[in-house]
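Nothing in this text is a laboratory measurement; each read-out follows from the coordinates by a stated rule. None of these values were measured; they are calculated from a predicted model. Here Cβ is always computed from backbone atoms with ideal geometry, including for glycine, and neighbour counts include all displayed protein chains.
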Amino acid sequence: MYREAIEKGGLAVVTGAANGVGKAAAQRFVQDGLGVVLVDLAGEALDRAEAELRDLAGASAIVQAVPTDVTDTDAMTALADQVFALGELAVLMNNAGIALPTGSWENAESWRILLEVNLFGVMNGVHAFLPRMIEAARPAVVINTGSKQGITTPPGNSAYNTSKAAVKVMTEMLAHDLRQAEAKITAHLFVPGFTYTGMIEKFMPEKPAAAWTSEEAIDYLLKRMSDGDFYILCPDNDVSEERDRKRVEWAVGDIINNRPALSRWHPDYADAFAAHEASE
């Protein structure tokens, strides 16, 4: 559906657009001939992204930054009003996300903050834009940014994993409901691999060799989305597509084979997992 959507022109709305994969996506949408609305918290990063994209797009294209808190339902409704006043919507990318340290029974306030952004921020985007996108009856796509941590749920960040697992399920339901409604809109779950974004840069000043750039991840997204794929799990310079498949298979196998939760990290299953990952 992506190619049909951009052939008709229109706008792309990207949340979390001030840097990282959001900014890279906005750049690609401009290069594909769309106007872009950049959504993020107010600040120098958003202003800089807007200026850079205006230089890229040229004077005649719509490039507009709209500072918005995705956790604020009224603000997201106002954003949608502003966007639809500018033109038709071809792409909605709910990408804004944060990471905060949490444990299973610790950091309750961090849990709430993270879920408000990572989960309810996506929900607010869907609720604010989808009814009018469906009513417009034009080809369009919705991209929700998930995480492999929402699929294989590795130990270490309970709230982040929970938020991204919920985004996966929400997007699966959205794709099904759009199909059942025979809407001219497809939904896609974008799952970056190890990608060097602004969030990662805070902890690692230099890009690790294993990481992809944001631009590489977005190029992969657009190709797979153009092929009609729903699940778009990006590899990186360390984890191949095949290794991703093996890890997802093992995670699902915990249920099928009644293994302990997160058996991939259980010492009794270390050898079995290693053999599974190495198998052809």
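Per-residue ellipticity at 222 nm, computed for the chain from helices alone with -39500 (n - 2.57) per DSSP H run of at least four residues, works out to -15500 deg cm²/dmol. Round to the nearest 10 and give me the degree value, 0 to 90, for the angle of helix 108-118's Cα axis relative to the longest principal axis of the chain. Its long axis makes an angle of about 50 degrees. Separation of the range 53-88 and the range 201-280 by C-alpha centroid, Å? Computed from Cα coordinates, the inter-centre distance equals 34 Å. Simple rule: put +1 on each Lys or Arg Cβ and -1 on each Asp or Glu Cβ in the range 1-122, find the dipole, and look at S104, Q27, V63; the Cα lying farthest toward the positive end is Q27.
When each of the peptides 123-135, 244-256, 159-171, 267-279 is scored by the mean number of other C-beta atoms lying within 10 Å of its residues, the order from highest to lowest reads 159-171, 123-135, 244-256, 267-279. Highest average first, the peptides 137-145, 32-40, 181-189 ordered by how many other beta carbon atoms sit within 10 Å of their residues are 32-40, 137-145, 181-189.
Given a cut-off of under 8 Å on Cα pairs at least six residues apart, what relative contact order in percent is computed for the chain? Value for the chain: 17 percent. Entry note, the range 71-204: relative contact order of 27 percent, from Cα contacts under 8 Å with a spacing of 6+ residues.
How large is the dipole of the range 240-280 about the Cα centre if only Lys and Arg carry +1 and Asp and Glu carry -1, each at its Cβ, rounded to the nearest 20 debye? Its charge dipole is roughly 140 debye. Annotated for the range 2-238: lysine pairs at least 8 residues apart or interchain, Cα distance under 29 Å, count 27.
With +1 on each Lys and Arg Cβ and -1 on each Asp and Glu Cβ, how big is the dipole of the chain about its Cα centre, in debye rounded to the nearest 20?
Numbers: 24 positive and 39 negative charges, 70 e Å.
Charge dipole of the chain: 340 debye, to the nearest 20.
How many percent of the alpha carbon pairs in the range 240-280 exceed a separation of 17 Å? Cα-Cα pairs in the range 240-280 separated by more than 17 Å: 22 percent.
Between 0 and 90 degrees, the angle of helix 214-226 with respect to the longest Cα principal axis of the chain falls at about 80 degrees. Of all DSSP-defined beta bridges confined to the chain, some 5% are antiparallel rather than parallel. Modelled spin-label separation between S279 and I98, with each label point placed 7 Å from Cα along the Cα-to-Cβ direction: 4.2 nm. Can you tell me the 0 to 90 degree angle between the C-alpha axis of helix 20-31 and the longest principal axis of the chain, rounded to 10? In the chain, helix 20-31 runs at an angle near 40 degrees to the longest axis. How many times 2.2 N^0.38 Å is the alpha carbon radius of gyration of the chain? Relative to the 2.2 N^0.38 Å estimate, the chain comes out at 1.01. Modelled spin labels at V248 and F84, positioned 7 Å past Cα toward Cβ, are 3.4 nm from each other. Divide the volume of the convex hull around the Cα atoms of the range 91-144 by the residue count and you get 68 Å³ per residue.
The smallest convex shape that holds all Cα atoms of the range 111-184, its convex hull, gives 72 Å³ per residue.
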